[in-house]
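These notes are about the structure you will find just below.
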Amino acid sequence: MREEAVDRYECFTVMHALFLVFSAGGADGLEINPVTTVLPLVIRNGTVNNVVLDCDYALNDDDYATNEKNPGALVVKWFFNNDPAPVYQWIHSKKPQGLGVLNGKLNLEYRISDDNATMYRALQIINPTTELSGEYKCTVSTFDDERSQTRKMIIYGKSAALRK
């Protein structure tokens, strides 16, 4: 009886370890690199011309190979305040799109890297204002995996229209 309990414990430990590896992206899956700071991005209204929110991820060799054969296999989307409709979308090999509250407020030519698979992963918001304060979530999808990361941005102070 005791030996059977030990076997079940060892089996559970191995399964738990495998779950942690796979749920965290593992060494061979899509990985989103952690945000360098857990603090929200805080900006005083009207003090910056633009702000960049980055979604730093890494593809493994299989994902790169799949992406080269089928460029639509990689999709980056950004969401605002838990709205199910994206505010930004980049399908690899297509032009990025600003949607919803960010339509017309993004520099869609902005490239954060020269890497073909990550160049349009970030948002460059032009003249950010208080109504763009909130929670931003990026989601990176491939045929085999999907990962997300959330970042808060706070823009404080009165808008220019209210100061007059």
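Placing +1 on each Lys and Arg Cβ and -1 on each Asp and Glu Cβ, with no other charges, gives segment 89-131 a dipole about its Cα centre of roughly 120 debye. Once the Cβ-Cβ distance of T47 and D145 is raised to the sixth power relative to R0 = 35 Å, the FRET efficiency obtained is 0.35. For the residue pairs K94/K158; K69/K94; K95/K158, alpha carbon separations beyond 26 Å are given by K94/K158; K95/K158. The value given for segment 28-163 is a Kirkwood hydrodynamic radius of 15.5 Å, derived from the mean inverse Cα-Cα separation. A simple count of charges around E146, restricted to other residues whose Cβ falls under 13 Å of its Cβ and scoring Lys, Arg +1 and Asp, Glu -1, yields -1. Residues whose amide H lies under 5 Å from that of K152, counting only those 5 or more places away or on a different chain, are L41, Y136; hydrogens are built 1.01 Å from N in the peptide plane.
Of the GluC sites (Glu not before Pro) found in segment 64-164, those that fall in a DSSP loop while having at most 16 other beta-carbon atoms within 10 Å are E109. Around N81, what is the net charge, scoring Lys/Arg as +1 and Asp/Glu as -1 over all other residues with Cβ under 13 Å from its Cβ? With Lys, Arg at +1 and Asp, Glu at -1, the net is 0. Ordering R147, R44, R111, R121 by the number of other Cβ atoms within 10 Å of each residue's own Cβ, fewest first, gives R44, R111, R147, R121.
Residue separation of K158 and D114 scaled by 0.36 nm, minus their Cα-Cα distance, works out to 12.1 nm of gained length.
Readers should treat all values here as calculations from the given coordinates under stated rules, not as data from a laboratory. Here the structure is a predicted model, which is why all the values come from computation and not from measurement. All Cβ positions, even for glycine, are placed from backbone atoms using ideal geometry, and neighbour counts span all protein chains on display.
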